[in-house]
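Here is the structure we will look at.
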Amino acid sequence: MQTNIDFQGLRVAVTGGTSGLGLALVRQLTGKGARVAFVARTAANVERVAAETGAHGIVADIGKKDDIYPIAMQVTANLEGVDVLINNASSLGPVPLALLADTECEELEAALAVNLLGAFRLTKALFGALAASAREGRGALVINISSDAAVNAYPDWGAYGASKAALSHLTAIWDEEAKADGIRLLTLDPGDMDTPLHALALPDADRSSLKAPELAAAEIIEKMLNALPARTALPAGGLV
Amino acid sequence: MTNEDGSDRRLARLFVVEADGMMCDLPRTRLATLFNPGDLVVANDAATLPASLHGTHVPSGKAIEIRLAGWLSLSDPTRFVAIAFGLGGHRTRTEDRLPPPALSTGDRLRLGPLEAVVERLLDHPRLLELRFKGNRATMLAGLAQHGRPIQYAHVPEPLALWDVWTKIAARPFAFEAPSAGFALDWRTLQAWRQRDVGFTAITHAAGISSTGDPVLDSRLPFDEPYRIPERTAEEVTRAKLRGSRIIAIGTSVVRALEAAANPDGSVRPGNGTATGRIAQDTPLRVVDAVLTGVHEPGESHFELLRAFADDALLAKVSTALTASRYRTHEFGDSVLYNLLAAACVGANGT
């Protein structure tokens, strides 16, 4: 169990924050004292999770280019900067899952728009804020949530797997490039979880064999802390 | 990358004015090579708010545009100084815009999903103080949805937020882009790091650069709050101690650093407000050189440059910039004043 000092003043943005892993992350991070902003598409869900956790909720779609800067603006204004971005929002591609030869181009594009372009655009829009955090000695970290479908060639998982593979490689290259700016980028695979996304993909799966998203969230938070510099009392943000 | 006016920002030009009066014209990519090891470059990392809001003046039912122009109180970030315009789009030059409907204290304004109240009229028909209803998060969500960056008549397509955020933009605090920062990219910062040129940032609420009204413009810049992080203050102080030069990216950085300056050239970290103009007789305690856009006499930014160069030199620079067709607008070319380096040796100096 981490002590609260690790989270005091820590500013975290989570996409896809109203269900599954994202919701578990928002709950645990706010519970430990971090300042959290989260993004999701459905206003009613955003309001519910914001009221429950005290996190800042932002209604927007990561898959839409026009939504990205308004998200970045609200994240950095409400949290007075950002130390950690967790790109968790994911699109499955075709539902039900389909062979690639049966996948519509638009379905592949939709998966790429969220899983690859969305994560790229939001990271880029927040890059200045992350660099500022690094310059101030607070550390700066981007965690991109991936999947074993990015590595293994599972039939039916073409759109999702290809988009996550691209995200993993983008993350690895960007991490090399941004190290000197003090920004780290990691890909984490939380494992097969009992989430709405998984149920959408495999409705007949044995849920007892799946990992609880709460456990996956706790593991990700531990890795997040390990990747950040040791935290003492953080300076307050101080601006509006 | 394509600029809003169709030009390529990577093809932008850089006019260098050296401390000894030498001048030359370089590609702006040369910025990566100009400074000396130990020098410290300081930029403004404020992101730009979508500060232009179209809506309705509720008592008259008439159209109004509100441009947020300054923070009234950092402890209550729903209150602003604002400039009001009547009917007209962004393609109309600011100076040709109609006056706003007649305003009274207490009037309600409906601005998309946002509602604001006129709290006070100031001593100019376009100038007022307003407060948004609701809390800061509600206001930010409304700005994100309905606000647009302040537009420029010279830019044919409406500007989006990504057009007015510099690459280093960190927190939405400025009302117009701290445009000197458009000269920076991560490649340039990487090159400076490799050459041991330092880079750091302050956050300064760069305000409206021009209202189109000479009476209002003579009052610019308004008081602008800023924040200097502890580390930035330490780096500036260390650089001054070792005799290295401080290079400001933009006039807003000059304002913030000089407002926070101690007589010995160190700067105080934390929040502050830059008030008044920097002009010819203002002693510069911190900043040695400034990168800025192309400014014309009478603009507050031009007045600030008189602290860096005498009038005869500024006149020579203006003539050279006109002759070389330097682009004057926010997304245009750059000028670097008071560089202490032999950058112009071998270049096409004047």
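Laboratory data are not the source of any read-out in this text; all were calculated from the coordinates shown. A quick note: this is a predicted structure, and the numbers were derived from the prediction, not measured. Note that we place each Cβ from the backbone using ideal geometry, even for glycine, and neighbour counts take in every protein chain shown.
In which sequence would A:R41, B:R193 go, from the one with the fewest C-beta neighbours within 10 Å to the one with the most?
Values: A:R41 16, B:R193 13.
Lowest count first: B:R193, A:R41.
Which of the aspartates and glutamates could be linked to B:K62 by a straight reach, that is with a Cα gap under 14 Å, when you skip same-chain ones fewer than 8 residues away?
B:D107
Got a sec? How would A:Y154, B:Y226 order by Cβ neighbour count within 10 Å, fewest to most? Don't skip to the answer; put the middle values down first.
Working: A:Y154 13, B:Y226 25.
Ranked by crowding around the Cβ, least crowded first: A:Y154, B:Y226.
How many angstrom lie between the C-alpha centres of segment B:142-168 and segment B:203-280?
24 Å
With just the Cα atoms defining each centre, how far is segment A:81-102 from segment B:89-108? Give it in Å.
Going from one Cα centre to the other spans 45 Å.
Could you compute the FRET efficiency for B:K62 and A:E106, with r as their C-beta to C-beta distance and R0 at 30 Å, rounded to 0.05? Numbers along the way, then the final one.
Values: r = 44 Å, r/R0 = 1.47.
My answer for the efficiency is 0.10.
Run the helix sum for chain A: -39,500 (n - 2.57) per DSSP H stretch of 4+ residues, divided by residue count, reported at 222 nm to the nearest 500 deg cm²/dmol. Please report the intermediate quantities before stating the final value.
Working: 9 runs with 104 residues, N = 240.
Computed mean residue ellipticity for chain A: -13500 deg cm²/dmol.
Compute a Gaussian network model of chain A, connecting alpha carbons closer than 10 Å, and tell me which residue from A:G17, A:G33, A:G93 fluctuates the most.
A:G33
List the pairs from A:K124/A:K179; A:K32/B:K133; A:K124/B:K240; A:K179/A:K223; A:K124/A:K211; A:K65/A:K211 whose alpha-carbon separation is above 23 Å, in the order I gave them. It would help to have the intermediate numbers written out before the result.
Numbers: A:K124/A:K179 15 Å; A:K32/B:K133 32 Å; A:K124/B:K240 33 Å; A:K179/A:K223 17 Å; A:K124/A:K211 31 Å; A:K65/A:K211 33 Å.
The answer is A:K32/B:K133; A:K124/B:K240; A:K124/A:K211; A:K65/A:K211.
Relative to the longest principal Cα axis of chain B, at what angle does helix B:311-323 sit, 0 to 90 degrees, rounded to 10?
80 degrees
Using the basic label-point model (7 angstrom from Cα toward the beta carbon), what is the B:E95 to B:K133 distance in nanometres?
3.9 nm
Less than 13 Å apart at the alpha-carbon level, and either on another chain or at least 8 residues along: which aspartates and glutamates does that give for A:K64?
In chain and number order, the partners are A:E109.
Can you give the calculated 222 nm mean residue ellipticity of chain B, where each DSSP H run of n ≥ 4 adds -39,500 (n - 2.57) and the sum is split over every residue, rounded to the nearest 500 deg cm²/dmol?
-5500 deg cm²/dmol
Find out how many positive minus negative residues lie around A:K211, taking Lys and Arg as positive, Asp and Glu as negative, among other residues whose Cβ is under 10 Å from that of A:K211. Show your work: numbers first, answer last.
On the way: positive: none; negative: A:D192, A:D194, A:E214, A:E219.
With Lys, Arg at +1 and Asp, Glu at -1, the neighbours total -4.
Within a 10 angstrom radius of each residue's Cβ in A:129-136, how many Cβ atoms of other chains show up on average? Whole number is fine. Please report the intermediate quantities before stating the final value.
Numbers: counts 7, 1, 8, 10, 1, 0, 10, 6.
Mean partner shielding for this stretch: 5.
Would you please give the FRET efficiency between B:D196 and A:A218, computed as 1/(1 + (r/R0)^6) with r the Cβ-Cβ distance and R0 = 51 Å, to the nearest 0.05?
Working: r = 42 Å, r/R0 = 0.83.
With R0 = 51 Å, the Cβ-Cβ based efficiency is 0.75.
Per residue of segment A:167-184, what does 6.51 cos²θ - 1.76 cosθ + 1.60 with θ = phi - 60° give for ³J(HN,Hα)? Whole Hz please, x for Gly and Pro, Karplus curve as stated.
Here the 3J(HN,Hα) series is 4, 4, 6, 4, 4, 5, 5, 5, 4, 4, 5, 9, 3, 5, 7, x, 10, 10 Hz.
Using a Gaussian network model of chain B with C-alpha springs under 10 Å, which one of B:N262, B:N271, B:N135 is most mobile by mean-square fluctuation?
The residue with the greatest mean-square fluctuation here is B:N135.
Could you identify which residue out of B:L336, B:L74, B:L128 has the top mean-square fluctuation in a GNM of chain B using Cα springs shorter than 10 Å?
Judging by the Gaussian network model, the answer is B:L74.
Please work out how much length the chain gains when fully extended from B:R277 to B:D223, using 0.36 nm per residue of separation minus the C-alpha to C-alpha distance, in nm with one decimal. Provide the component values of the computation, followed by the final result.
Values: separation 54, 0.36 × 54 = 19.44 nm, distance 0.94 nm.
Full-extension gain reported as 18.5 nm.
Taking neighbour Cβ counts within 10 Å as the exposure measure, how do B:W186, B:W165 sort from fewest upward?
Ordered by Cβ neighbours within 10 Å, fewest first: B:W186, B:W165.
Over all residues in A:176-183, what is the mean tally of Cβ atoms on other chains that come within 10 Å of each residue's Cβ?
Numbers: counts 0, 2, 1, 0, 5, 5, 0, 0.
Partner-chain Cβ atoms within 10 Å, mean over residues of A:176-183: 2.
Once the Cβ-Cβ distance between A:S209 and A:T42 is put in as r, and R0 is 25 Å, what FRET efficiency do you end up with, to the nearest 0.05? Working shown, then result.
Values: r = 29 Å, r/R0 = 1.15.
The calculated FRET efficiency here is 0.30.
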